[in-house]
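Bear in mind that the values in this text are calculations on the coordinates, not laboratory data. All values reported here derive from a predicted model rather than from experimental measurement. All Cβ positions, even for glycine, are placed from backbone atoms using ideal geometry, and neighbour counts span all protein chains on display.
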């Protein structure tokens, strides 16, 4: 397992925990992840 994968899994787990504790924050985190993913996909092309 790569260190980047482990770091991403830890951040994902933290995001899920925060979304469980505060649904509004979870929605904001979800939107942020989608936006960053789309930007990275567009920049890669």
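Quick notes
- Zone of residue 40's modelled label, taken as backbone nitrogen in the stretch 2-28 under 15 Å from a point 7 Å along Cα→Cβ: 2-13, 15
- Taking the helices alone, the chain has a mean residue ellipticity at 222 nm of -31500 deg cm²/dmol, built from -39,500 (n - 2.57) per DSSP H run of at least 4 residues and averaged over all its residues.
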